[in-house]
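J.: My structure is below; once you've seen it, I'll send some questions.
Since every read-out is calculated from the coordinates, none of them should be taken as a lab result. Small disclaimer: the values here were computed from a predicted structure and weren't measured. All Cβ positions, even for glycine, are placed from backbone atoms using ideal geometry, and neighbour counts span all protein chains on display.
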Amino acid sequence: MTPQQWRKLQDSFEEVLRSPRAERQFALETAEAALEDESLRQELRRLVEHAEPQADFLRPLEGIREAMEQGRSLEPGDVLADRFEIVRFIGRGGMGAVFEAFDRKLQEPVAIKTIAPEFAHDPILLERFQREVQLARRITHPNVCRIHDFGEHNGTPYLTMELLDGVTLPESLERGALEIEDWERMALQLFEGLRAAHEVGIFHRDLKPSNLMLVGPKLVILDFGLARPVESNRSNDFSRPGMILGTPDWMAPEQLLGEGNHKSDLYSAALVLVHAITGTPAANHRHGIAGVVSRVVGVTDIAEQLPASVSPAWRRALLSCLELDPKLRPASTDDVLKLIDEYQPPPAKPKSPWSWWDWRIAFGILFFALALLIVVPRYLVRPELKSDSTILMVPTMNVTGARIFDAIGTVMNTSVAQSARFNVWQPERLPGVLRSMREDSSAKPTTSEWREVAFRERAGMICFSTLSPIGSGFSLAVECEQTGSTPTSPLSKSHREFRATDTNGVYGLVHEAGAWIRSEAGEGATEVSANNRAPQDITSPSWEALDLFEQARSLSQSQRFTDAIPLLERALQKDPQFAMGLMTMADLANGLGESEKGFAYWRKAIEAAKEQRLSNREGLSIESRYALEIRDYATAEPMLREWVRSFPNDRQAVQYLGACLLSTGRYEEGTELAHAAQERFGPSTFGTSLLIRGLGALNRPAEMDEQSKLLEKIGAKTLALRFRGMAAAMRGDYERAESLFRELESLAEGDESSRARGLLAHLVADQGRLKEAGDLLDRAIAMDRSAGRIAFAARKLVAAAYLEGEAGRRTQAGAMAEDAAAQDPSPYVIVDAVSVLARNGYAREAERVMSKFTFERGPYFDASRLRMNGEILISRGRFQEGVAVLENAVRTLGTHRPQEFLARALDLAGQHDRAYMLYQRIAKDRWYIWGSPESVWPGTRYRAEAYPR
Amino acid sequence: MPVEINAENRGEVSQILEQIQNGDPSAEQRLVNLLYGDLRRMAAHQLKSERSGHTLQPTALVHEAYFRIFTGTPLQVHNRSHFMALAAQVIRRILVDYARTRTRTKRGGKDNPIPLSEGRLIFDENRVGEFLFVHEALERLRDWAPRQSEIVEMRFFGGMSEAEMAARLKVSERTVKRDWAMARAWLHAELTV
């Protein structure tokens, strides 16, 4: 191949690939014909064939990019926190890089240790890093490296610490073995440094040669990064059995079993000292896994390897520290140092080669070694719940006798739900789960049934709690269990009690308990405090309001919206700023089709939320959902993104963002997001529906069917039917679609069945059977009316009015439109009614109806006003002006979708070519109707198709 | 493990950097050679000295390369795409060495392979041979399409973005995109026989 040939080939290659897929073969043949040489033609065919390898082919080496980026994180001359100026790079530590810096404030050099990006995103490691500061700052000793502070620079966390100008032990050993005097001095300093740490309750857990630095004659212990207080007994600490931290080479045997304590440091220190004096590489020693194994199976003794220059006192001290059984080791560093100071001849000690400890350790090591082989060799096993786990909060038992505290469960739930890391299980799911467990789903679950619920729902943790009276105060007892492989075998249990002296203190109890539960689940202290508002602030300071709210919520869960509303109203009288109450009210009103009332409550809730009367999560949720509801996508999107960023495990956040993307025409992106959300959180009614809608928009009916099966599997049978019907209609299989919609109508109840009738009308209209569609709508309207579904009836009525108008019955159409607007003066009905009136020549009536449109500000509402004005202008024969206003309406809507009203106006204005193009777009878009059947005239696509060129 | 930068080396690095800035085309290659020698020694040292260092961490090598260039020298290479491209070359050479020794050992050779650390780099031990094929194919491609060969190197071994590669090659991003598509197709064809 010559460069010239290659360039020619590249031109042909690119030309072929530019052609649409369907025409590629043709393009290839054309391009081939232009090449003179058969070998080039062959090469072109081969290249085109391989033009689209899978995405990960030649993907950059993992970690490389990050490494390059990390190089960028700090460089000489950078100034951190306006204070520390980086002077030079020193080297790498276990978790990141170490730099020399100059502290401008104290005018002295310091060391800065950064945490590498691959760890900085790991909250557990980050917490370890912070722990390093908090704990190690308590040690003040010349033989321990002083740690100053913790900070963050451009997202890179760092520590500042004493700058040491020395060499590490391995580097020193490389230059030659230590003199015995130097070694002894070093050994004493090592134990003295350890003593200082142990005295304040910290042990190192990861002593190894590279953690020791020699600064002239002084030895300094580095990296108390894995230390923890000796006193800590928290069940969820790093020391939990099974946890192994540190470097196995230098670890004490019991650490391999996950049982380290301050005596493990003695073992490691002695091992390091033996290494330091013999100077031989680590692998030759009988320590670490290999060493302990060899010891257990009885090879030579360490004592034999120590040079003769080591004094009997040191010899004895080291060997006692190297006892496999920690009980046989010196009790403390003090005791070690005493052994050095007061030498006594060693007592003869008979030793069986296979003590109980030896057996235990042998198995432990075998187990550990297997674990190392099988599992990824990371020393850190996480005790925490996975980040997106669900916590099931069993409703708190209130045995105080005071009814007002019945709402404490809600307050607890809300409090824990602030977590950005975990999800709180939705109590609304209980009836469904119980139905799958037993016949009668009404009775309250027992404790063991709750465990089963947690198990079935794959919750990572379940928490029981009881509020009981103690004297004049209260006690809140909380028990948390991490779910295991069966409902009856929790992985761990922990328990704590909180007490308060009076009624007001109960909020404090919930606050404390919530934070405790989150930390039990594995959230770090900073993480907890970042999102931990007081329960009375995020719910209500009135227990009475809370109680009423609770009752209303349980009614609305059983679909008794109408009964729930008065209770909520009373709750809001008690506490008018009750944001959660206002929000629920807004939801209820919207659910009943009373969108105006809903919007009003929503606004009030947002106002209340501004007074910090919601948690961060709910604050973001309510504002962005409101923006979505009023179709102000430009406002909604940044808020949704913020919500997703702050609470990446919030299923709803991701789903609403997906919905926003789909609504603004970014079908690929929205569908991808919906897909990712489903992968991550599993199927759900809302999430899976969203995905199906995205697939619909992308015209992929086969996948819609596939996902519908998933919906059916999770119990959303009617919804699945609806989408399957839509998919069939999109494929053009109207017969199948009709039978599915009919099945839906007969199967579903209430709103869904009403929707099915609406869809049927669309389906026949889409085939041009407009008369039949009108009849279907009439029947559906009658049924909606008799069931009291006013809003549903009104929207169908206005659609029927449109069909009447199309059939030339103008008077009838106008009357029906006015009637619909009178029955339900909601924004959507008004816009449609005005449109029908205008189209049928009732401009004045249209204006009158339009005067009722006094709604929200926001792009959608502004666009609606423009649309109505435009249609009225058209109706008055002012075509050019009308078209201009309608074009402005489309712009304001910010949608890329073709709008039927504009196409119609263009036609009337004589701009047939443009009208034709718009109608063509509508005709070709099968999702045009099914994407939002409520806001499209029946038969629109059919009529668009029929529009002549 | 703190790194002591050899004073002699450091002088050499700054000298080369100066030459690069003065537009000496052969200086780049000298810098790569110098870094390569250094990093290879470092890798070997890392393997000998500590158990935890029994694996080679390519990311660590990148850090090292970075600091060798940017630390303590009077001159600063401000053009990062430049640095990344050089680092990519060094990384490629070290990994190719590794793959060679590794495949040789598999065939019964006695050379001590440099094991790659697990988890840091997805480098399936059993697929190390394939990786050599990438290298060899790139060498062939270089004969008639040197820029495309370099683009693959920068992207695969250096994780560079299109913008960075464009800056390095002083061509438009569109050209990089086009070259990448072509080179990728060709490599895919070569490697999936």
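J.: Shape call for the range A:492-641 from the C-alpha gyration tensor, a ≥ b ≥ c root eigenvalues: rounded (a/c under 1.5), prolate (a/b greater than b/c) or oblate?
T.: Here the range A:492-641 falls in the oblate category.
J.: Oh, and also: From the Cα gyration tensor of the range A:690-767, with a ≥ b ≥ c the square roots of its eigenvalues, which class applies: rounded if a/c is under 1.5, or else prolate if a/b is larger than b/c, or else oblate?
T.: Judged from the Cα gyration tensor, the range A:690-767 comes out oblate (a/c at least 1.5, b/c at or above a/b).
J.: To continue, here is another question. For A:Ser754, what charge total do you get from the other residues with a beta carbon under 13 Å from its beta carbon, if Lys and Arg give +1 and Asp and Glu give -1? Show your work: numbers first, answer last.
T.: On the way: positive: A:Arg722, A:Arg755, A:Arg757, A:Arg779, A:Arg785, A:Arg789, A:Arg795, A:Lys796; negative: A:Glu745, A:Glu749, A:Asp751, A:Glu752, A:Asp784, A:Glu934.
Around A:Ser754, the surrounding residues sum to +2.
J.: Any idea what angle helix A:180-199 forms with the longest principal axis of chain A, computed on alpha-carbon atoms, 0 to 90 degrees, nearest 10?
T.: With both axes taken from Cα atoms, the answer is about 50 degrees.
J.: Relative to the first principal axis of the alpha-carbon coordinates of chain A, what is the inclination of helix A:543-557, with its axis defined by its Cα atoms, in degrees from 0 to 90 and to the nearest 10?
T.: For helix A:543-557, the angle is close to 60 degrees.
J.: Another question about this same structure. What FRET efficiency do you get for A:Glu108 and A:Asp325 if R0 is 45 Å and r is their Cβ-Cβ distance, rounded to the nearest 0.05?
T.: So, using R0 = 45 Å, E works out to roughly 0.45.
J.: Need the C-alpha centroid separation for the range A:888-949 versus the range A:146-189, integer Å.
T.: 74
J.: Also, I was wondering about something else. Please compute the modelled spin-label separation between B:Glu136 and A:Glu544, points set 7 Å along Cα→Cβ, answer in nm with one decimal.
T.: Result for the modelled spin labels: 8.7 nm.
J.: So what's the angle, to the nearest 10 degrees on a 0 to 90 scale, between helix A:64-73 and the longest Cα principal axis of chain A?
T.: Computed tilt is about 80 degrees.
J.: Taking only DSSP H segments of four or more residues, each worth -39500 (n - 2.57), what value at 222 nm results for chain A once the sum is divided by all its residues, to the nearest 500 deg cm²/dmol?
T.: So the calculated ellipticity at 222 nm is -17500 deg cm²/dmol.
J.: Something else: Just for chain A, what percent of DSSP beta bridges are antiparallel, to the closest 5?
T.: If I count the DSSP bridges inside chain A, around 85 percent turn out antiparallel.
J.: Could you list B:Arg142, A:Arg839 so that the one with the fewest beta carbons within 10 Å of its beta carbon is first and the one with the most is last?
T.: By the 10 Å Cβ count, ascending: B:Arg142, A:Arg839.
J.: Sticking with the crude label model, points 7 Å out along Cα→Cβ, report the distance from A:Ala308 to A:Gln25 in nm, one decimal please.
T.: Inter-label distance under the simple model: 9.1 nm.
J.: Taking 28 Å as the cut-off for C-alpha to C-alpha distance, list the pairs among A:Lys493/A:Lys574; A:Lys8/A:Lys924; A:Lys386/A:Lys713; A:Lys771/A:Lys852; A:Lys386/A:Lys493; A:Lys924/B:Lys177 that go past it.
T.: Values: A:Lys493/A:Lys574 39 Å; A:Lys8/A:Lys924 39 Å; A:Lys386/A:Lys713 26 Å; A:Lys771/A:Lys852 31 Å; A:Lys386/A:Lys493 17 Å; A:Lys924/B:Lys177 33 Å.
Violating the 28 Å limit, Cα to Cα: A:Lys493/A:Lys574; A:Lys8/A:Lys924; A:Lys771/A:Lys852; A:Lys924/B:Lys177.
J.: Residue by residue through the range A:837-850, which ³J(HN,Hα) values in whole Hz follow from phi under the Karplus form 6.51 cos²θ - 1.76 cosθ + 1.60 (θ = phi - 60°), with glycine and proline marked x?
T.: For the range A:837-850, the Karplus curve yields 4, 4, 4, 9, x, 9, 4, 5, 4, 4, 4, 5, 5, 4 Hz.
J.: Another question about this same structure. Non-local amide H neighbours of A:Gly473 (under 5 Å, H modeled in plane, Pro and chain starts lacking H): which ones?
T.: none
J.: Could you list which residues have their amide H under 5 Å from that of A:Ile202, counting only those 5 or more apart in sequence or on another chain, with H placed in the peptide plane?
T.: HN-HN under 5 Å from A:Ile202: A:Val230.
J.: Does anything in the range A:920-949 have its amide N under 18 Å from the 7 Å Cα→Cβ label point of A:Gln823, and if so which residues?
T.: A:934-938, by backbone N distance to the label point.
J.: Here is a further query. Within a 10 angstrom radius of the beta carbon, how do A:Leu271, B:Leu138 rank from fewest other beta carbons to most?
T.: Exposure proxy ranking, most exposed first: B:Leu138, A:Leu271.
J.: How large is ³J(HN,Hα), in whole Hz, for each residue of the range A:264-274 in order, when computed from phi with the Karplus curve 6.51 cos²θ - 1.76 cosθ + 1.60 and θ = phi - 60°, using x for Gly and Pro?
T.: 5, 4, 4, 4, 4, 4, 5, 4, 4, 5, 4
J.: Another one. Which order results if A:Thr400, A:Thr140 are arranged by neighbouring Cβ count within 10 Å, fewest first? Please report the intermediate quantities before stating the final value.
T.: Details: A:Thr400 19, A:Thr140 9.
Ordered from fewest to most neighbouring Cβ atoms within 10 Å, A:Thr400, A:Thr140 come out as A:Thr140, A:Thr400.
J.: Provide the gained length on full extension for the span A:Ala402 to A:Gln920, in nm with one decimal, where the gain is 0.36 nm per separating residue minus the Cα-Cα distance.
T.: Details: separation 518, 0.36 × 518 = 186.48 nm, distance 6.79 nm.
Extra length from A:Ala402 to A:Gln920 when fully extended: 179.7 nm.
J.: Test of the criteria: in the range A:173-226, which GluC sites (Glu not before Pro) are in a DSSP loop and have at most 12 other Cβ atoms within 10 angstrom of their Cβ?
T.: A:Glu179
J.: How high is the FRET efficiency between A:Glu36 and A:Ser442 when r is their beta carbon distance and R₀ equals 56 Å, given to the nearest 0.05?
T.: The calculated FRET efficiency here is 0.10.
J.: Under a cut-off of 15 Å between alpha-carbon atoms, report the aspartates and glutamates in cross-link reach of B:Lys170, not counting same-chain residues fewer than 8 places apart.
T.: Cross-link targets: B:Glu150, B:Glu162, B:Asp179.
J.: Taking amide hydrogens as modeled 1.01 Å from N in the peptide plane, which residues meet the under 5 Å criterion relative to A:Gln418, leaving out close sequence neighbours?
T.: So A:Gln418 has HN proximity to no qualifying residue.
J.: Compute the FRET efficiency between A:Glu772 and A:Ser739 as 1/(1 + (r/R0)^6), taking r as their Cβ-Cβ distance and R0 = 22 Å, and round to the nearest 0.05.
T.: Numbers: r = 16 Å, r/R0 = 0.72.
After rounding to 0.05, the efficiency reads 0.90.
J.: Output the Kirkwood hydrodynamic radius of chain A, Cα pairs only, in Å rounded to one decimal. Walk me through the numbers before you get to the answer.
T.: Working: mean 1/r = 0.0294 Å⁻¹.
By the Kirkwood definition, the hydrodynamic radius is 34.0 Å.
J.: Rounded, prolate or oblate for the range A:408-480? Axes are the square roots of the Cα gyration tensor eigenvalues, ordered a ≥ b ≥ c, and the cut-off for rounded is a/c under 1.5.
T.: Working: a/c = 2.24, a/b = 1.41, b/c = 1.59.
It is oblate, given that a/c is not under 1.5 and a/b is not larger than b/c.
J.: Here's something else I'd like to know. So what is the relative contact order for chain A, in percent, with contacts set as C-alpha pairs under 8 Å and at least six apart?
T.: On the way: 1439 pairs, mean separation 45.0, N = 949.
Relative contact order for chain A comes out at 5 percent.
J.: Hey, what do the phi angles of the range A:717-724 turn into as Karplus ³J(HN,Hα) couplings, whole Hz, using 6.51/-1.76/1.60 and θ = phi - 60°, x for Gly and Pro?
T.: So the J values, rounded to whole Hz, are 5, 5, 4, 4, 4, 4, 5, 5.
J.: Considering only C-alpha atoms, what is the centroid distance from the range A:610-633 to the range A:738-809, in Å?
T.: The range A:610-633 and the range A:738-809 have Cα centres separated by 34 Å.
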